1. Determine, for each peptide in 252-259, 23-30, the mean count of other beta carbons within 10 angstrom over its residues, then list the peptides with the highest first.
2. Please identify, among GLU260, GLU43, GLU79, the residue showing maximal mean-square fluctuation in a Gaussian network model of the chain using a 10 angstrom Cα cutoff.
3. Highest mean first, what order results for 53-60, 274-281, 152-159 on Cβ atoms within 10 Å?
4. With a 1.4 Å probe and all protein chains left in place, how much of the accessible area of region 144-191 comes from carbon and sulfur atoms, in whole percent?
5. Which value, in nm² and rounded to one decimal, describes the direction-averaged projected area of the C-alpha convex hull of the chain?
6. How large are Rg and Dmax for region 2-136 when calculated on the C-alpha trace, in angstrom?
7. Rounded to the nearest 10 Å², what accessible area does TYR202 show when all protein chains are kept and the probe is 1.4 Å?
8. Rounded to the nearest 20 debye, what is the charge dipole size of region 26-69 about its Cα centre when +1 sits on each Lys and Arg Cβ and -1 on each Asp and Glu Cβ?
Amino acid sequence: MKVRKAIIPAAGLGTRFMPVTKAMPKEMLPIVDKPTIQFIVEEAKKSGIEDILIVTGKNKRSIEDHFDSNPELEQNLQEKGKTGLLKMSQEITHLGINIYYTRQPYPAGLGDAIARGRSFIGDEPFVVMLGDDLMMDKVPLTKQLIDRYSETNASTIAVMPVPHKEVYKYGIIEPDSEIAPGLINVKSFVEKPEVDKAPSDYAIIGRYLLTPEIFPILAEQKPDKGGEIQLTDAIDTMNKTQRVLAHVFKGTRHDVGNKESYLETSIEYGLKHPETKDALRKYIIDLGKKLEEQN
Ligand code: UTP
(Lines give C-alpha, C1' and ligand atoms only; values in the text may rest on other atoms or scores of the structure.)
Protein backbone atom coordinates (compact mmCIF):
# COMPACT_ATOMS: atom_id res chain seq x y z
CA MET A 1 0.00 0.00 0.00
CA LYS A 2 1.27 3.49 -0.86
CA VAL A 3 2.53 5.59 2.05
CA ARG A 4 0.64 8.88 1.77
CA LYS A 5 0.27 10.21 5.30
CA ALA A 6 2.53 11.66 7.96
CA ILE A 7 2.13 12.71 11.58
CA ILE A 8 4.31 15.51 12.91
CA PRO A 9 4.01 15.64 16.70
CA ALA A 10 4.56 19.20 17.87
CA ALA A 11 2.81 19.31 21.23
CA GLY A 12 5.87 18.95 23.49
CA LEU A 13 6.72 21.67 25.99
CA GLY A 14 10.22 22.28 24.63
CA THR A 15 11.61 22.76 28.15
CA ARG A 16 15.20 22.43 26.93
CA PHE A 17 14.70 25.76 25.17
CA MET A 18 13.24 27.71 28.07
CA PRO A 19 12.58 30.60 28.32
CA VAL A 20 11.87 31.12 24.59
CA THR A 21 9.40 28.22 24.57
CA LYS A 22 7.35 29.68 27.43
CA ALA A 23 4.97 31.31 24.96
CA MET A 24 6.34 30.21 21.58
CA PRO A 25 6.51 26.77 19.97
CA LYS A 26 10.03 25.40 19.55
CA GLU A 27 8.94 24.17 16.10
CA MET A 28 8.84 27.84 15.03
CA LEU A 29 12.44 28.53 16.04
CA PRO A 30 14.19 29.58 12.84
CA ILE A 31 17.26 28.11 11.23
CA VAL A 32 18.46 31.43 9.80
CA ASP A 33 15.05 32.47 8.42
CA LYS A 34 13.00 29.29 8.10
CA PRO A 35 11.11 27.67 11.02
CA THR A 36 12.29 24.14 11.73
CA ILE A 37 8.81 22.71 11.07
CA GLN A 38 8.91 24.04 7.50
CA PHE A 39 12.02 21.92 6.82
CA ILE A 40 10.05 18.87 8.01
CA VAL A 41 7.00 19.65 5.87
CA GLU A 42 9.29 20.16 2.83
CA GLU A 43 10.95 16.78 3.48
CA ALA A 44 7.49 15.17 3.60
CA LYS A 45 6.56 16.77 0.30
CA LYS A 46 9.82 15.68 -1.39
CA SER A 47 9.12 12.14 -0.14
CA GLY A 48 5.70 11.95 -1.81
CA ILE A 49 3.57 12.48 1.30
CA GLU A 50 0.14 13.96 0.47
CA ASP A 51 -1.52 14.53 3.87
CA ILE A 52 0.09 15.68 7.11
CA LEU A 53 -1.42 15.78 10.59
CA ILE A 54 0.36 18.18 12.91
CA VAL A 55 -0.36 17.42 16.57
CA THR A 56 -0.23 20.71 18.42
CA GLY A 57 -0.91 21.92 21.94
CA LYS A 58 -1.22 25.16 23.84
CA ASN A 59 0.77 28.15 22.55
CA LYS A 60 1.14 26.54 19.11
CA ARG A 61 -1.19 28.74 17.06
CA SER A 62 1.71 30.32 15.16
CA ILE A 63 2.38 26.95 13.46
CA GLU A 64 -1.09 27.07 11.86
CA ASP A 65 -0.66 30.74 10.98
CA HIS A 66 2.68 30.02 9.30
CA PHE A 67 1.17 27.61 6.78
CA ASP A 68 -1.94 29.75 6.27
CA SER A 69 -2.22 32.74 3.93
CA ASN A 70 -1.57 36.26 5.27
CA PRO A 71 -3.67 38.58 3.04
CA GLU A 72 -2.58 41.77 4.79
CA LEU A 73 1.12 40.97 4.37
CA GLU A 74 0.61 39.81 0.78
CA GLN A 75 -1.26 42.97 -0.15
CA ASN A 76 1.48 45.09 1.37
CA LEU A 77 4.23 43.20 -0.50
CA GLN A 78 2.21 43.46 -3.71
CA GLU A 79 1.77 47.23 -3.34
CA LYS A 80 5.48 47.73 -2.64
CA GLY A 81 6.46 45.58 -5.61
CA LYS A 82 8.33 43.08 -3.40
CA THR A 83 7.45 40.21 -5.70
CA GLY A 84 10.21 37.87 -4.47
CA LEU A 85 8.96 38.03 -0.89
CA LEU A 86 5.35 37.77 -2.04
CA LYS A 87 6.17 34.59 -3.94
CA MET A 88 8.00 33.21 -0.92
CA SER A 89 5.01 33.86 1.35
CA GLN A 90 2.51 32.35 -1.09
CA GLU A 91 4.64 29.27 -1.71
CA ILE A 92 4.47 28.36 1.98
CA THR A 93 0.66 28.42 1.80
CA HIS A 94 0.54 26.45 -1.46
CA LEU A 95 3.07 23.73 -0.77
CA GLY A 96 0.91 21.22 -2.61
CA ILE A 97 0.41 19.14 0.53
CA ASN A 98 -2.67 19.02 2.79
CA ILE A 99 -2.03 19.99 6.39
CA TYR A 100 -4.49 19.09 9.15
CA TYR A 101 -4.25 19.86 12.85
CA THR A 102 -5.34 18.24 16.05
CA ARG A 103 -4.54 19.01 19.66
CA GLN A 104 -2.98 16.90 22.37
CA PRO A 105 -4.62 18.21 25.55
CA TYR A 106 -1.76 17.23 27.90
CA PRO A 107 1.88 16.58 26.95
CA ALA A 108 1.51 12.91 27.92
CA GLY A 109 4.35 11.66 25.74
CA LEU A 110 5.24 11.03 22.11
CA GLY A 111 3.19 7.81 22.07
CA ASP A 112 0.11 9.68 23.27
CA ALA A 113 0.64 12.37 20.61
CA ILE A 114 0.82 9.74 17.84
CA ALA A 115 -2.28 7.97 19.21
CA ARG A 116 -4.22 11.18 18.44
CA GLY A 117 -3.74 10.42 14.73
CA ARG A 118 -5.56 7.08 14.74
CA SER A 119 -8.67 8.08 12.78
CA PHE A 120 -6.66 10.37 10.46
CA ILE A 121 -4.41 7.46 9.48
CA GLY A 122 -7.10 4.77 9.37
CA ASP A 123 -5.80 1.51 7.97
CA GLU A 124 -2.71 2.75 6.13
CA PRO A 125 1.04 2.68 6.76
CA PHE A 126 2.32 6.14 7.70
CA VAL A 127 5.39 8.06 8.76
CA VAL A 128 6.15 9.94 11.96
CA MET A 129 8.49 12.91 11.55
CA LEU A 130 9.95 14.68 14.59
CA GLY A 131 10.77 18.35 14.26
CA ASP A 132 13.86 18.06 16.46
CA ASP A 133 15.87 16.31 13.78
CA LEU A 134 16.76 17.88 10.44
CA MET A 135 18.07 15.24 8.05
CA MET A 136 20.22 15.93 5.02
CA ASP A 137 20.86 13.40 2.28
CA LYS A 138 20.48 13.14 -1.50
CA VAL A 139 17.31 11.08 -1.00
CA PRO A 140 15.24 12.42 1.95
CA LEU A 141 15.27 10.03 4.90
CA THR A 142 11.46 9.76 4.85
CA LYS A 143 11.66 8.61 1.23
CA GLN A 144 14.38 6.10 2.16
CA LEU A 145 11.99 4.57 4.74
CA ILE A 146 9.15 4.50 2.22
CA ASP A 147 11.41 2.72 -0.29
CA ARG A 148 12.33 0.13 2.35
CA TYR A 149 8.65 -0.40 3.16
CA SER A 150 7.79 -0.97 -0.49
CA GLU A 151 10.30 -3.87 -0.48
CA THR A 152 9.46 -5.42 2.90
CA ASN A 153 5.97 -4.24 3.97
CA ALA A 154 7.45 -3.95 7.47
CA SER A 155 7.49 -1.06 9.92
CA THR A 156 10.93 0.51 9.65
CA ILE A 157 12.60 2.88 12.10
CA ALA A 158 15.49 5.17 11.18
CA VAL A 159 18.60 4.68 13.35
CA MET A 160 22.11 6.08 13.49
CA PRO A 161 25.17 5.26 15.61
CA VAL A 162 25.70 7.80 18.41
CA PRO A 163 28.62 8.21 20.85
CA HIS A 164 28.25 5.53 23.53
CA LYS A 165 28.16 8.05 26.39
CA GLU A 166 25.02 9.62 24.84
CA VAL A 167 22.85 6.51 24.48
CA TYR A 168 20.82 7.41 27.60
CA LYS A 169 19.22 10.27 25.63
CA TYR A 170 17.71 8.02 22.94
CA GLY A 171 15.63 4.99 22.15
CA ILE A 172 18.22 2.29 21.41
CA ILE A 173 17.87 -0.91 19.38
CA GLU A 174 19.13 -4.36 20.23
CA PRO A 175 20.18 -5.50 16.75
CA ASP A 176 19.72 -9.05 15.54
CA SER A 177 20.98 -9.66 11.99
CA GLU A 178 21.57 -7.40 9.00
CA ILE A 179 19.10 -8.66 6.37
CA ALA A 180 20.25 -6.27 3.61
CA PRO A 181 22.94 -3.59 3.59
CA GLY A 182 21.89 -1.03 6.21
CA LEU A 183 18.67 -2.90 7.13
CA ILE A 184 18.61 -4.61 10.51
CA ASN A 185 16.28 -7.13 12.12
CA VAL A 186 15.73 -5.90 15.67
CA LYS A 187 15.46 -8.02 18.84
CA SER A 188 14.21 -5.22 21.06
CA PHE A 189 13.77 -1.47 21.42
CA VAL A 190 14.75 0.18 24.70
CA GLU A 191 13.82 3.76 25.62
CA LYS A 192 16.67 5.80 27.15
CA PRO A 193 18.76 2.94 28.61
CA GLU A 194 21.48 3.53 31.22
CA VAL A 195 24.86 3.83 29.47
CA ASP A 196 26.20 0.51 30.82
CA LYS A 197 22.96 -1.35 29.97
CA ALA A 198 22.47 -0.14 26.37
CA PRO A 199 22.21 -3.06 23.92
CA SER A 200 24.01 -1.08 21.14
CA ASP A 201 24.97 2.43 20.06
CA TYR A 202 22.28 2.53 17.35
CA ALA A 203 19.87 5.30 18.33
CA ILE A 204 16.37 5.86 17.01
CA ILE A 205 16.36 9.19 15.20
CA GLY A 206 13.32 11.25 14.33
CA ARG A 207 11.75 9.32 11.42
CA TYR A 208 9.54 6.24 11.73
CA LEU A 209 7.53 4.30 9.19
CA LEU A 210 4.79 2.44 11.03
CA THR A 211 1.96 0.12 10.13
CA PRO A 212 -1.47 1.02 11.62
CA GLU A 213 -1.24 -1.96 14.03
CA ILE A 214 0.66 0.44 16.30
CA PHE A 215 -2.60 2.18 17.29
CA PRO A 216 -4.32 -0.59 19.30
CA ILE A 217 -0.97 -1.15 21.02
CA LEU A 218 -0.64 2.55 21.88
CA ALA A 219 -4.20 2.51 23.24
CA GLU A 220 -3.17 -0.20 25.73
CA GLN A 221 0.31 1.19 26.45
CA LYS A 222 0.94 2.01 30.12
CA PRO A 223 2.70 5.31 30.93
CA ASP A 224 6.36 5.11 32.02
CA LYS A 225 7.70 6.24 35.43
CA GLY A 226 7.52 9.86 34.28
CA GLY A 227 3.82 9.47 33.33
CA GLU A 228 4.52 9.56 29.57
CA ILE A 229 3.36 7.06 26.94
CA GLN A 230 6.48 6.15 25.01
CA LEU A 231 6.34 5.34 21.30
CA THR A 232 9.49 3.21 21.68
CA ASP A 233 7.72 0.90 24.17
CA ALA A 234 4.77 0.45 21.79
CA ILE A 235 7.16 -0.33 18.92
CA ASP A 236 8.90 -2.92 21.09
CA THR A 237 5.53 -4.56 21.81
CA MET A 238 4.62 -4.53 18.11
CA ASN A 239 7.96 -6.15 17.25
CA LYS A 240 6.87 -9.24 19.19
CA THR A 241 4.00 -9.95 16.78
CA GLN A 242 5.15 -8.36 13.50
CA ARG A 243 8.72 -7.57 12.59
CA VAL A 244 9.98 -4.02 12.91
CA LEU A 245 13.18 -3.24 11.03
CA ALA A 246 15.84 -0.59 11.54
CA HIS A 247 17.19 1.40 8.60
CA VAL A 248 20.66 2.89 9.12
CA PHE A 249 20.78 6.53 8.01
CA LYS A 250 24.06 7.48 6.35
CA GLY A 251 23.37 11.18 5.78
CA THR A 252 23.80 14.14 8.12
CA ARG A 253 21.54 14.67 11.10
CA HIS A 254 21.19 18.04 12.78
CA ASP A 255 19.61 17.78 16.21
CA VAL A 256 17.88 21.11 16.75
CA GLY A 257 16.21 20.06 20.00
CA ASN A 258 18.98 21.37 22.26
CA LYS A 259 20.68 24.74 22.42
CA GLU A 260 24.24 23.82 21.51
CA SER A 261 23.36 21.73 18.49
CA TYR A 262 20.74 24.30 17.43
CA LEU A 263 23.41 27.01 17.33
CA GLU A 264 25.79 24.78 15.34
CA THR A 265 23.03 23.99 12.85
CA SER A 266 22.16 27.68 12.46
CA ILE A 267 25.82 28.50 11.71
CA GLU A 268 26.10 25.72 9.14
CA TYR A 269 22.95 26.87 7.37
CA GLY A 270 24.04 30.48 7.62
CA LEU A 271 27.26 29.51 5.82
CA LYS A 272 25.15 28.18 2.92
CA HIS A 273 22.43 30.84 2.84
CA PRO A 274 22.99 33.24 -0.09
CA GLU A 275 22.16 36.33 1.99
CA THR A 276 24.38 35.52 4.95
CA LYS A 277 27.18 33.19 3.83
CA ASP A 278 29.89 35.72 2.92
CA ALA A 279 29.48 38.05 5.90
CA LEU A 280 29.09 35.14 8.32
CA ARG A 281 32.20 33.41 7.01
CA LYS A 282 34.24 36.55 7.49
CA TYR A 283 32.79 37.07 10.96
CA ILE A 284 33.63 33.50 12.02
CA ILE A 285 37.20 33.74 10.72
CA ASP A 286 37.73 37.06 12.54
CA LEU A 287 36.13 35.71 15.71
CA GLY A 288 38.32 32.59 15.52
CA LYS A 289 41.43 34.80 15.37
CA LYS A 290 40.26 36.86 18.34
CA LEU A 291 39.53 33.75 20.39
CA GLU A 292 42.98 32.34 19.50
CA GLU A 293 44.64 35.53 20.71
CA GLN A 294 42.76 35.32 24.00
CA ASN A 295 44.13 31.81 24.63
P1 UTP B 1 10.88 15.81 22.98
O2 UTP B 1 10.91 15.25 24.33
O3 UTP B 1 12.16 15.91 22.23
O4 UTP B 1 10.27 17.27 22.94
O5 UTP B 1 9.79 15.05 22.11
P6 UTP B 1 9.76 18.22 24.06
O7 UTP B 1 9.05 17.47 25.12
O8 UTP B 1 9.00 19.30 23.38
O9 UTP B 1 11.12 18.89 24.52
P10 UTP B 1 11.85 19.02 25.91
O11 UTP B 1 12.49 17.67 26.16
O12 UTP B 1 10.84 19.42 26.95
O13 UTP B 1 12.86 20.11 25.64
C14 UTP B 1 9.99 14.68 20.76
C15 UTP B 1 8.87 15.20 19.88
O16 UTP B 1 7.61 14.74 20.34
C17 UTP B 1 6.72 15.80 20.55
C18 UTP B 1 7.58 17.05 20.71
O19 UTP B 1 6.87 18.21 20.27
C20 UTP B 1 8.78 16.73 19.85
O21 UTP B 1 8.58 17.10 18.51
N22 UTP B 1 5.91 15.53 21.74
C23 UTP B 1 6.51 15.13 22.89
C24 UTP B 1 4.54 15.70 21.68
O25 UTP B 1 3.97 16.07 20.64
N26 UTP B 1 3.80 15.44 22.80
C27 UTP B 1 4.38 15.04 23.97
O28 UTP B 1 3.64 14.82 24.95
C29 UTP B 1 5.76 14.89 24.00
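1. In decreasing order of mean packing, 252-259, 23-30 become 23-30, 252-259.
2. GLU79
3. 152-159, 53-60, 274-281
4. 50 percent
5. Directional mean of the projected Cα hull area for the chain stands at 18.1 nm².
6. Here Rg and the maximum Cα pair distance are 15.5, 49 Å.
7. Roll a 1.4 Å probe over it and TYR202 shows about 70 Å².
8. Its charge dipole is roughly 220 debye.
The values are calculated or read from the model by the stated rules, or taken from the named source; none is laboratory data. Since this is a predicted model, take the numbers as computed values, not measurements. Cβ: placed from backbone, ideal geometry, glycine included. Neighbour counts: every protein chain shown. Surface areas here come from the heavy atoms of the whole protein model, side chains and all, with no ligands, DNA or RNA. Shrake-Rupley method; radii C 1.70, N 1.55, O 1.52, S 1.80 Å.
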